[in-house]
1. Averaged over all directions, how much area does the convex hull of the C-alpha atoms of region A:174-269 cover when projected, in nm²?
2. If all Cα-Cα distances of region A:116-234 are sorted into 5 Å bins from 0 onward, what percent lands in each bin, rounded to whole numbers?
3. How many angstrom lie between the C-alpha centres of region A:208-244 and region A:81-146?
4. Per Stokes-Einstein, at 10 °C and 1.306 mPa s, what whole-number D in µm² s⁻¹ belongs to region B:1-105, with the Kirkwood radius over Cα pairs as the hydrodynamic radius?
5. Given the Cα atoms of region A:34-124, and with Rh set as the inverse mean 1/r over their pairs in the Kirkwood sense, what is Rg to Rh to two decimals?
6. What FRET efficiency comes out for the pair A:Ser91/B:Ser106, r = Cβ-Cβ distance, R0 = 56 Å, nearest 0.05?
7. Sum up the charges of everything whose Cβ sits under 11 Å from the Cβ of B:Cys95, counting Lys and Arg as +1 and Asp and Glu as -1, but leave B:Cys95 out.
8. Could you work out the mean projected area of the convex hull around the alpha carbons of chain A, in square nanometres to one decimal?
Amino acid sequence: MGQEHWEVTYPQGIMRYIEYFRLKNNQVEKYDTALAKYIKTHCRSSGFRICSLGCGTGEREIDLANRGFEVVGIECHEESVAIANQSVVTSKANVDLITCDILEFDEIDKILHNKKLFDAVIMIAVPLSIVDHARVVRHFAKYITTGGMFVTGLWGYTRDIPREGDYASYIEVATSPTKDDFAVRLNYYEYTGNIIKWDAVYLYRDLNGHVRMERDDDILEVTPEQDGTDPLDTDEELFEQLPTYRVTECHPKMLPPYVYEYLIGWRKK
Amino acid sequence: MLPPDQKYQSGVVKYVDLLRERYFMYDELVDFIVEILSSRITSNTIVSLGCGTCSIETRLAKRGFRVTGIDRDEQSLEIARQRIQKQKAKVDLICHDIFDPLPVNSTSAVLLLFSALPIEMIKTVICNINDILVSGAIFIFDVFELISGEGESPLTFLDDFLSMGEDAICVSSYMAHNTGVDGAEVYLSRKSGTGEIDLKVDYTTIPIVQTTVLSELESQFSFGVSGFQIEGIWTTTKFCPTAAPPFCIQKIVCLKKLS
């Protein structure tokens, strides 16, 4: 696929506005209904302890905590963690947040080595390369209890893979939770095989009332579902691959055009 | 018109109006409305619910109708007043929510166009206007039908309003779902003098009437409003190809109040 590693970064100061779109699009409650069911169906360990990698602004983690899970969220983007911390305080949810890059394994080990093992490690909607996905699963295996699982959300195409150079673009508007502010996002998606390059230009009014424009970009790697094949090539001696589950609970607009999301999991032997 | 739970952002209606004037073929649409009305009513008075900026109402006034426009949005009515004054059109305006009892009576023609209301709310409006209609009165409303469904690639447009005397552009995009079309219209304008950029948005979901609902409506099985008969249902898109948002066709429904 060529490139195997890319950073997930954000321009300074726009997380507040990205959050408007996440609240509108992510449909966390519906998604988590599918996710919690998937975990409860396949998990063979007795606890309810979850570690969520790349937890962002913590919306999912608070929702999972409200469903009875004990949640640890790990996120490297400080602005996101600050927002997440605020929400955790407000909601009084049982969520512990850690600021760390999930690919900085030495740092991760320092933080997690003396912590209780997890019944599930999840990584949902994190735009890492598939190679990095696999590295993360391999590394975090030691923090999962026997019978526990690793669950990740991967992307597939809803129709034939778009042709080389195909693109889609559109504009979205999202409001703040209090409906007194809004932000505009111009999305541009370019499809090359399983790689989708996503450019997003944000237009918004900053806290001083000035109109501002910032660009963010991401790379999404689509991993078509294949019967019996493990896209992450996880260690078969360590993990048993679980059936995939296509997330149909959410409105498709949460994702780029032609893309759907599915859950795939591995249970620790 | 806006759904009951939404409000226009301050200052956006001026631009929404420019966009509509550019695309919605009001002249052709008004020709058609006049054709429907002229063979069915003798009076020349019309009440238009959710009249907005009065693009349709001023055109009807020019065709000899005496129009009363009712709308709850003061921002839209202000632009309507300017249009009425500029065109010296005879249109009376009332600032009023059409879901409250209406401040008019003995009416022989009522319009509810581009309301973008779900069919259930249109039924509520029909019940609400029943009292003000005379026997044989005509009620005309429109609904939108989806002509392409979910999964279609979104459509994005870029418009500039320089030719319309405004230093502004609009970037808009529409996405179809089975229940409606999401529209986002973003207006960027430049203030004269300072050159400062301003940002306004209008975004809404246009509810979609399923073909099955419309055919049931046509055969009067499930319309659920007694005391009316259907005079006709027409597709305006045949003569106004841009009378509807992308992915949609506009259907004009004409009801007649039975005596």
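Every number here is computed from the coordinates shown, using simple stated rules; none is lab data. The structure displayed is predicted, hence computed values, not measured ones. Please note: Cβ atoms are built from the backbone with ideal geometry, for glycine as well, and neighbour counts cover all protein chains shown.
1. Directional mean of the projected Cα hull area for region A:174-269 stands at 9.1 nm².
2. 2, 9, 14, 15, 15, 12, 11, 11, 7, 2, 0
3. What the calculation gives is 15 Å, centre to centre.
4. The diffusion coefficient I find is 111 µm²/s.
5. For region A:34-124, the value is 0.95.
6. Computed FRET efficiency for A:Ser91 and B:Ser106: 0.50.
7. That works out to -3.
8. Across all orientations, chain A yields a mean hull projection of 14.2 nm².
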